[in-house]
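K.L.:
My structure is below; once you've seen it, I'll send some questions.
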Amino acid sequence: MKATVFLGGGRITGALVAGLRLAKYAGPLLVYDRHPEKLRRLRRRYGVTVALDLARSIRQAELLIIAVRPGSVGDLLEGIGNLDRPLCAVSLAAGVPLAELRARLGPPVRWARAMPSPVWRSRRGLTALVFDRSLPPSARRKIRNLFSQIGQVVEIPESQFDAFTVTYSASHGYHAVATLARAAQRLGLPRKIALTAATHALADGILAWREDDVALDRLLDEAATPGGISSTVIESMNRAGYRRAVQQGLAAGVSRARRKRR
């Protein structure tokens, strides 16, 4: 029986497999990696089939998931070599465009790209998909169905993929919580209380916006009454360059992604 085959047994594969298991996904899952300890951990935790033989793994694939670091994609695809049958593959590697993926393995392989996230493990992830024009509708449905098991799916053109990559990252939330909590500690709050307050400030507000279907600007006006404490805090942060810092950070991330392709 053909399987969804993951090439790479690192953290992203672990997060995706964990989310699929949480969703009671019944399809066969196989993970290839050169490191036996990674495979043992995945088999023990999630009951996946594991393999140390790359060629044998490819032969069992109905859908191929490329789950290695961007710098390792070239060597991995070179190791696969020429394929003699049609195959659909999804690359999770940031900064590696469809044109490069097509050139590496040739016409038998039809490609998609997906933006990975560690929060897949909790089925709270958002996945952006980019499909190669040659990918048939049946393959697109299969890929959408796989990733929809672990959260919301959006389809975007590849020209927007770098911007999505730098915008959608759990690191923004973690960084915001850590920064807000550290500032609260400097004002005298104990670390545990500061983290709790910062986490609720961000998470509660986001959940209220998602669940109440109220415009974001309206909620912001409601929470930060002009002349009030919250309004003073936000205005001071903006004067200190908060908005500019976010814009510069995202622009730097996009620039980094584009440099990887040169």
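K.L.:
Could you tell me whether any residue of the range 27-50 is assigned to a strand (DSSP E or B), modelled with pLDDT of 95 or more and more than 25 Å from R144 (Cβ to Cβ)?
P.N.:
yes
K.L.:
For R256, indicate whether it is at pLDDT below 90, within 24 Å of the chain's Cα centre (by Cα), closer than 23 Å to Q160 by Cα and not in a helix (DSSP H, G or I).
P.N.:
no
K.L.:
Quick check on my filter: what residues within the range 75-104 are farther than 18 Å from D162 by Cβ and surrounded by 15 or more Cβ atoms within 10 Å (Cβ to Cβ)?
P.N.:
L76, L77, I80, L83, L87, C88, A89, R102, R104
K.L.:
If you take just the strands (runs of 3 or more DSSP E) that sit entirely in the range 105-194, which of them hold at least 2 residues that are exposed (fewer than 14 other Cβ atoms within 10 Å of the Cβ) and at pLDDT 95 or above?
P.N.:
Ranges flagged: 151-155.
K.L.:
Which one is farthest from G151 (Cα to Cα), of the residues in the range 13-26 that are crowded, with 19+ Cβ neighbours inside 10 Å and either out of contact with any helix residue (DSSP H, G or I) (no Cβ under 7 Å at 6 or more places or on another chain) or free of Cβ contacts under 8 Å to residues at least 60 places away in the same chain (or both)?
P.N.:
T13
K.L.:
Would you be able to say whether some residue in the range 51-74 is hydrophobic (A, V, I, L, M, F, W, C), out of contact with any strand residue (DSSP E or B) (no Cβ under 6 Å at 6 or more places or on another chain), touching a residue at least 60 places away in the same chain (Cβ under 8 Å) and not in a strand (DSSP E or B)?
P.N.:
Yes.
K.L.:
Something else about it: Can you go through R144, R182, R186 and tell me which one is outside the structural domain of A252 (by TED's automatic domain parsing) and among the basic types (K, R)?
P.N.:
After ruling out the rest, the residue left standing is R144.
K.L.:
Of these, R69, R44, R56, which one is out of contact with any Phe, Trp or Tyr (no Cβ under 9 Å at 6 or more places or on another chain), of a type in the set (K, R) and either surrounded by 19 or more Cβ atoms within 10 Å (Cβ to Cβ) or farther than 30 Å from F164 by Cβ (or both)?
P.N.:
Criteria check complete, one pass: R44.
The values are calculated or read from the model by the stated rules, or taken from the named source; none is laboratory data. The model shown is predicted, which means the values in this text are computed figures rather than measured ones. Ideal geometry is used to build each Cβ from the backbone, glycine not excepted, and the neighbour counts take in all protein chains shown.
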